[in-house]
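The values are calculated or read from the model by the stated rules, or taken from the named source; none is laboratory data. These figures come from a predicted structure and were not determined experimentally. Counting neighbours? That spans all protein chains shown, and the Cβs are built from the backbone with ideal geometry, glycine included. Ligands, DNA and RNA are stripped out before the accessible areas are found, and what is left, the full protein with its side chains, is counted by its heavy atoms. Shrake-Rupley method; radii C 1.70, N 1.55, O 1.52, S 1.80 Å.
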Amino acid sequence: MPDYQHPKISVMPTAINDVLIVEPKVFGDDRGWFTESFNAQDFLAATGLNTNFVQDNHSFSGKGILRGLHYQLEKTQGKLVRVVSGAVFDVAVDLRKSSLTYGKWVGVELSAENHRQLWVPAGFAHGFLVVSEVAEFLYKTTDYYHPQSEVCLAWNDPSLSIKWPLEPGASPNLNAKDLAGLSWDQAPKFE
């Protein structure tokens, strides 16, 4: 059972219990601040998750860019995601047929200011929308990128009804892969 009151990390469940908001303690004074963005022992103690991260990724995007909703059918990835500059609206969609939250989504604002991280387990589609002028997004993964099995779920599939924080009438900036995202009915799922 995770220790949600760990002295160096606060953990909050979301509407999908397996998706967690992780808040490392930030130590600050008039000179600035310091935080341990990841410590394997503390992460295990606070979350109960014994993870082995094998890859770190870093992306830079401008306002209105939406990346996702991505997942891999092979080499499925758990992701610990955070923002070090700017802010994003981060989304995880449960693709596990055996889950009580199958087909549900959760969205959280992650920013350099709030220092929040989101744990997105394997079996979820993941994406984010940049809500600041620019954002730098970092994430640790539990398996390597496997482009041969990557799938993109349509960001705007009506059966999901994700409430992206877009200006009325605005559309996000998408690349070709994300424009061609599969509908919920077409997208492969996990057992």
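What are the pairs with Cβ atoms under 7 angstrom where one residue, in the stretch 63-80, is in a strand (DSSP E or B) and the other, located anywhere, is crowded, with 18+ Cβ neighbours inside 10 Å and acidic (Asp, Glu)? Sequence gap at least six, or different chains.
Every condition considered, the pairs that remain are LEU66/ASP178; ARG67/ASP178; GLY68/ASP178.
Please tell me if HIS115 is farther than 18 Å from SER61 by Cβ and in contact with a Lys or Arg (Cβ under 6 Å, 6 or more places away or on another chain).
For HIS115, the condition - farther than 18 Å from SER61 by Cβ and in contact with a Lys or Arg (Cβ under 6 Å, 6 or more places away or on another chain) - is not met.
Return yes when SER161 is on the phi > 0 side of the Ramachandran plot and without any contact (Cβ under 8 Å) to a residue 40 or more places away in the chain and no when it is not. First the steps, then the outcome.
Details: on the phi > 0 side of the Ramachandran plot: yes; without any contact (Cβ under 8 Å) to a residue 40 or more places away in the chain: yes.
Taking the combined requirement at face value, the residue satisfies it.
Could you tell me which residue of the stretch 6-36 is farthest from LEU100 (Cα to Cα), considering only residues that are part of a strand (DSSP E or B), at pLDDT 90 or above and among the aliphatic types (A, V, I, L, M)?
Checking each candidate, the answer is ILE9.
Tell me, which residue of the stretch 130-162 that is closer than 26 Å to SER37 by Cα and not in a strand (DSSP E or B) is farthest from the chain's Cα centre (by Cα)?
So the residue we want is GLU133.
Regarding ASP3, is this residue more than 21 Å from ALA112 (Cβ to Cβ) and either modelled with pLDDT under 90 or over 19 Å from the mean Cα position of the chain (by Cα) (or both)?
Details: more than 21 Å from ALA112 (Cβ to Cβ): yes; either modelled with pLDDT under 90 or over 19 Å from the mean Cα position of the chain (by Cα) (or both): yes.
Yes, satisfied.
With ALA187, ALA170 as the choices, which residue is in a loop (DSSP other than H, G, I, E, B), open to solvent by 20 Å² or more (accessible area, probe 1.4 Å) and in contact (Cβ under 8 Å) with a residue 60 or more places away in the chain?
ALA170
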